[in-house]
Amino acid sequence: MLTNKPKSKILVDGGDPDETSQVQKLLGFVDGQTTNPSLIAKSPEIQQRIASGHSLSAQEEKEEYRKIVQAISPLVGNAGVSVEVFADLDTRAKEMLAQGEEMFTWIPNAYIKYPCTHEGLRAAEMSVREQIRVNMTLCFSQEQAAAVYAATKGSKDPVYVSPFVGRLDDRGENGIDLVKNIKMMYKRGDGHVHVLAASIRHLDHLLAAFALDAELVTVPAKVLEKWAASNFAMPDRDFSYKAANASGARLKPIPFEELDLNLPWQSFEIAHELTAKGIQKFVADYRSTLKRSA
Ligand code: E4P
């Protein structure tokens, strides 16, 4: 069991309460959990139903999602459970907000995940006014993180922004640089947005997130098991992150940008190809669990 807790809060990236429970036993604690439509589609409950020939209606899928987060909620600490709205590229802010309002009532420690898009940011802006906690997901650029900061100013609770490290690595860019750049940019801010390093694929990502003092990091159970097997290795003072992909090729650095956090959020360049791709993948995974007629 872990005796020296890192400063970064540790969340489980998954959709299975049993898995969260196992991690809880392994670490002795779990600070929080992130879920998303792909992870929920893969959850054992939903997969069993599909395997026995019972695809779900949209309402049944929502009910399953609710049951899953209600089972996870009491297992985790104060970093809460992030629950993602179902949004495609045409979903408007009002519709996302309506889903967020409902999901926020499911559990006492919910964070509502909206995508880092124009509509997602509008939904977040309205949510924080209603004191709905938010986690801005599918973040792939410093501009998006600046927009998250500006759109959620005045939030009573910390707002999370989730830079997706592994998916940037996948296309040859050093995702860890994005975490570093956002942290550096936010130093000039009021501290209301916390960086949640996401899309963590291996132990080095985890150690780099710790070394950068990311406020939170969400990690698949498999990577946490590797961390436990390493006897909960921590980055020492000389830790330097090897920005390389699985085959050893160097990842392209992402340069820091000078951005003014006091500008209106709409003035930032919000669009990012990977955000749009991410939404499409979530929609496809979600639809794969639904009845054809749904
Ligand atoms: C974060 O909240 C996401 O669920 C997650 O980290 C995505 O990771 P992936 O790129 O491995 O799908």
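For region 54-66, 3J(HN,Hα) computed residue by residue from phi via the Karplus equation (6.51, -1.76, 1.60; θ = phi - 60°) reads 10, 5, 9, 7, 4, 5, 5, 4, 5, 4, 4, 4, 4 Hz, glycine and proline entered as x. Compactness of region 153-224 was expressed as the Cα radius of gyration divided by 2.2 N^0.38 Å, which yields 1.10. For the pair Lys25 and Asp213, the difference between a 0.36 nm per residue extended length and the Cα-Cα distance amounts to 65.2 nm.
In the chain, carbon and sulfur make up what percent of the accessible area (probe 1.4 Å)? Within the chain, the accessible surface is 50 percent carbon and sulfur.
Label-to-label distance for Glu269 and Thr105 is 4.2 nm, based on points extended 7 Å past Cα in the beta-carbon direction.
Which whole-number percent gives the relative contact order of region 165-294, counting Cα pairs below 8 Å spaced six or more residues apart?
27 percent
Here the sum of -39500 (n - 2.57) over DSSP H runs of 4 or more residues, divided by the residues of the chain, equals -12500 deg cm²/dmol at 222 nm, to the nearest 500.
Under 5 Å between amide hydrogens, built in the peptide plane, is the criterion, and for Glu173 it picks out Lys252 among residues at least 5 positions away or on other chains. Solvent-accessible surface of region 150-251, taken per residue with a 1.4 Å probe and all protein chains present: 45 Å².
Sequence-distant contacts, meaning Cα pairs under 8 Å at least 6 residues apart, place the relative contact order of the chain at 23 percent. In this structure Asp31 has an accessible area near 10 Å², from a 1.4 Å probe over the protein heavy atoms.
Here r is the Cβ-Cβ distance between Gln59 and Arg92 and R0 is 25 Å; the resulting FRET efficiency, rounded to 0.05, is 0.75. In this structure the amide hydrogen of Lys113, modeled in the peptide plane, comes within under 5 Å of the amide hydrogens of Val83, Glu84, Val85, Asn135, none closer than 5 places in sequence on its chain.
Peptides 53-60, 268-275 ordered by packing proxy, namely the average of other Cβ atoms within 10 Å per residue, highest first: 268-275, 53-60. Globularity index of the chain is 0.95 (Cα radius of gyration / 2.2 N^0.38 Å, N = number of residues).
All other residues whose Cβ lies under 9 angstrom from that of Glu143 are scored, Lys and Arg at +1 and Asp and Glu at -1, for a net of -2.
With 5 Å bins beginning at zero, the pair-distance distribution over Cα atoms of region 1-132 amounts to 2, 10, 20, 20, 19, 15, 9, 4, 1, 0 %. Rolling a 1.4 angstrom probe over the protein heavy atoms with all chains in place gives region 1-97 an accessible area of 45 Å² per residue.
The values are calculated or read from the model by the stated rules, or taken from the named source; none is laboratory data. The structure displayed is predicted, hence computed values, not measured ones. As a convention, Cβ positions derive from the backbone with ideal geometry for all residues, glycine included, and neighbour counts pool all protein chains shown. Quick note on the areas: whole protein, heavy atoms, side chains included, nothing else; ligands and nucleic acids left out. Shrake-Rupley method; radii C 1.70, N 1.55, O 1.52, S 1.80 Å.
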